[in-house]
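Heads up, the thing below is written out as structure tokens.
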Amino acid sequence: MEGRQATTPKKESCDQQAKCLKRIQSILDGGATDEEKQYFKDHIEVCQPCIDMYNLEKCIKEALQGKVEKKCCPEKIAAAIQAEITK
């Protein structure tokens, strides 16, 4: 089969799921370092649970962003907070 790349079988479970979830959230929030991004990119090549978790987290984040309405803080509240901070 020339010209075709063999696909690597993906892991069915992740032994670092909690760490991976934190890394996924950091990536989606824009706070991940280039090193973390590269590690995760390499990791999802072989880890199906992390691919699934990434897709789920991304969908949740996108859904929440579509539902959350951004409102400005009323000037009176902002002034009260600023006054408390500068005491």
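The values are calculated or read from the model by the stated rules, or taken from the named source; none is laboratory data. As the structure is a prediction and not an experimental result, all values here were calculated from the model. Quick reminder, even Gly has a Cβ in these numbers, built from the backbone with ideal geometry, and neighbours come from all protein chains shown.
Scanning region 9-18 for residues that are surrounded by 11 or more Cβ atoms within 10 Å (Cβ to Cβ) and assigned to a helix (DSSP H, G or I) yields a total of 1.
Hey, can you tell me all the residues within region 56-87 that are farther than 29 Å from I24 by Cα and of a type in the set (D, E)? Listed by number, the residues that qualify are E75, E84. If the condition is being surrounded by fewer than 10 Cβ atoms within 10 Å (Cβ to Cβ), small (G, A, S) and assigned to a helix (DSSP H, G or I), then region 30-84 contributes G66, A83.
For (1) of a type in the set (A, V, I, L, M, F, W, C); (2) at pLDDT below 90, each residue gets a yes or a no:
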{"site": "E2", "(1), (2)": "no, yes"}
{"site": "Q5", "(1), (2)": "no, yes"}
{"site": "T8", "(1), (2)": "no, yes"}
{"site": "C20", "(1), (2)": "yes, no"}
{"site": "E36", "(1), (2)": "no, no"}
{"site": "M53", "(1), (2)": "yes, no"}
{"site": "G66", "(1), (2)": "no, yes"}
{"site": "I77", "(1), (2)": "yes, no"}
